[in-house]
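Got a structure here, written out as structure tokens. Questions coming.
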Amino acid sequence: MTTIVQKINPEKFRDEELTSACKLLRQGEIVAFPTETVYGLGGNALVPEAAENIYAAKGRPSDNPLIVHIADREALYDIAEYVSEKAEALAKAYWPGPLTMIFRKKSKIPLSTTGGLQTVAVRMPSHPVARALIRLSDIYIAAPSANISGRPSPTKAEHVVEDLSGRIAMILDGGQVGIGIESTIVDMTEPVPMILRPGYVTKKMLEQVIGEVQTDPAILASEPAKHIVAKAPGMKYRHYAPRGQMYIVEGEQGKVVEVINHLAALREKEGQRAAVIASEETKNAYYCEHVYGIGSRKIEGSIAAGLYDILREMDKIGAAYIYAESFSDDRLGQAIMNRMLKAAGYQKIQAEGVRMR
């Protein structure tokens, strides 16, 4: 299959520029497109074969649910069996935007889209290209992130090309996305709404609108959840992972720098390529050959926005060992560390416990 790559300016485009993409989607083909979070891999949410094609392109297990993207709030009532007052309040507050909610599904949503579940994940993106694509195609678009399953999510069209060229019909290249991590997912079928995946919309922001919100224990766990039913994308399988061995080093900042320098030097002495992921504030404290500043701790959102690009860079340089600072103190710290721990296979090092020879 030849994959068409079409550039489109998110700030200034004509509806006619999306004609080919809309036609492909209506025909059951798969089209990658930019959202405000990451690039999505879209197919017709009401056609079982489209979901199957998405799973095949990604190499994704078919029990991992897809998110249905809609262009207006009214569409929610056509998809969800019941929409509570709390869900309506969250939709009013944060849609369009990086929030996904889970509802009991109506029968028109095929089980292939929901990973075999009787629930459906729904979100209304704020990216102008994504919203126009949904509106003009006149379908609901099921879309996970546009990457090979397990790889870092794509924040640039070239990431999608790298993973999926030849596997899908079209890629809409809208440049680099803004937020850089996937949407927050909240299960609205629970008596108390529960966060299943942290994102840009934080627990505090949710509670300001609807009161008490719980967090799934799997998010806070220090090891991967086992034997679970994946109600939301990313709960069950390893995600966001570079090919090298990655470790999160935690502790007092000065000690973290000392330990990372020590471990990286040991690896390099062994002839292994080591890399360091640090903040802009501390990157000059490392003397490893490959040091990458992921973003500034002083600029909100910059670390999240740079995460997946840096993880992909690790593969480009062939890093066998990757040592990363912890960013749990960021406003988006829970979301960032959720992704980083999955990328590292939950491998952590406590700096204070490392003895250096």
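The values are calculated or read from the model by the stated rules, or taken from the named source; none is laboratory data. The structure displayed is predicted, hence computed values, not measured ones. Please note: Cβ atoms are built from the backbone with ideal geometry, for glycine as well, and neighbour counts cover all protein chains shown. With ligands, DNA and RNA removed, areas are computed over all heavy atoms of the protein, side chains included. Shrake-Rupley method; radii C 1.70, N 1.55, O 1.52, S 1.80 Å.
State the answer as a single residue: which of Ile185, Val259, Tyr321 lies farthest towards the positive end of the charge dipole of the chain, with beta carbon charges of +1 for Lys and Arg and -1 for Asp and Glu, about the Cα centre.
Of Ile185, Val259, Tyr321, it is Tyr321.
Running a GNM on the chain with Cα contacts under 10 Å, which residue among Ser279, Ser107, Ser137 ends up with the highest mean-square fluctuation?
Looking only at Ser279, Ser107, Ser137, the biggest GNM fluctuation is shown by Ser107.
Which is the longest part of the chain that has none of the chymotrypsin sites (Phe, Trp or Tyr not before Pro) sitting in a DSSP loop with at most 12 other Cβ atoms within 10 Å? Display every interim value, and only then the final one.
Numbers: sites that count: Tyr82, Tyr287.
Maximal segment without exposed cleavage sites: 83-286.
Shifting gears a bit: For Ser165 and Thr215, calculate 0.36 nm times their separation in residues minus their Cα-Cα distance, and state this gained length in nm to one decimal.
On the way: separation 50, 0.36 × 50 = 18.00 nm, distance 3.67 nm.
Taking 0.36 nm per residue and subtracting the Cα distance, the gain is 14.3 nm.
Could you do me a favour and compute the accessible area per residue for the range 1-149, 1.4 Å probe, result in Å²?
Numbers: 6050 Å² over 149 residues.
On a per-residue basis, the range 1-149 sits at 41 Å².
Could you go through the range 23-36 in sequence order and give the Karplus-derived ³J(HN,Hα) for each residue, using 6.51 cos²θ - 1.76 cosθ + 1.60 with θ = phi - 60°, rounded to whole Hz, and x for Gly and Pro?
With coefficients 6.51, -1.76 and 1.60, one gets 4, 4, 4, 5, 7, x, 7, 10, 10, 8, 8, x, 10, 6 Hz.
Taking θ = phi - 60°, what integer Hz values does the Karplus form 6.51 cos²θ - 1.76 cosθ + 1.60 yield along the range 157-173, in sequence order, with x for Gly and Pro?
So the J values, rounded to whole Hz, are 4, 5, 5, 5, 4, 4, 8, 10, 4, x, 9, 10, 6, 8, 10, 8, 8.
Continuing with this model, one more query. With a 10 Å cut-off between alpha carbons and a GNM built on the chain, which of Arg14, Arg331, Arg73 moves the most?
Arg14
For helix 48-58, report the angle its Cα long axis makes with the longest principal axis of the Cα atoms of the chain; keep it between 0 and 90° and round to the nearest 10°.
20
Enumerate the amide H contacts of Gly97 below 5 Å, restricted to partners 5 or more residues apart or on another chain; note that Pro and chain-start residues carry no placed amide H.
Amide H neighbours of Gly97: Met124, Ser126.
Over the chain, with every protein chain in place, what whole percent of the accessible area is carbon and sulfur at 1.4 Å, could you tell me? Intermediate results must be reported in sequence, preceding the final value.
Values: 7140 of 14860 Å².
The computed percentage sits at 48.
Roughly what % of DSSP beta bridges within the chain run antiparallel, to the nearest 5?
Details: 17 of 48 bridges.
The antiparallel fraction comes to roughly 35 percent.
Using every pair of alpha-carbon atoms in the range 232-357, split the distances into 5 Å bins beginning at 0 and state the percent of pairs per bin, rounded to integers.
Pair shares across the bins are 2, 12, 22, 26, 22, 11, 4, 1, 0.
Please check: in the Gaussian network model of the chain (C-alpha springs, under 10 Å), which one of Thr113, Thr19, Thr215 has the largest mean-square fluctuation.
Fluctuation is largest for Thr19.
Here's something else I'd like to know. List the GluC sites (Glu not before Pro) within the range 126-222 that DSSP assigns to loop and that have no more than 16 neighbouring Cβ atoms inside 10 Å. All intermediate terms of the calculation are to be shown ahead of the outcome.
Working: sites: Glu158, Glu162, Glu182, Glu207, Glu212; in loops: Glu182, Glu212.
Of the GluC sites (Glu not before Pro), the ones in loops of the range 126-222 whose Cβ has at most 16 other Cβ atoms within 10 Å are Glu212.
What angle do you read, to the nearest 10 degrees and between 0 and 90, between the alpha-carbon axis of helix 128-137 and the longest principal axis of the chain?
The answer is roughly 30 degrees.
Per 5 Å bin, what is the whole-percent P(r) computed from every C-alpha pair distance within the range 41-192?
Taking every Cα pair in the range 41-192, the percentages come to 2, 10, 20, 23, 22, 15, 7, 2, 0.
A further question on this structure: Name the residue farthest towards the positive end of the dipole of the chain from the options Pro152, Ile70, Tyr292, assuming +1 on Cβ of Lys and Arg, -1 on Cβ of Asp and Glu, about the Cα centre.
Pro152
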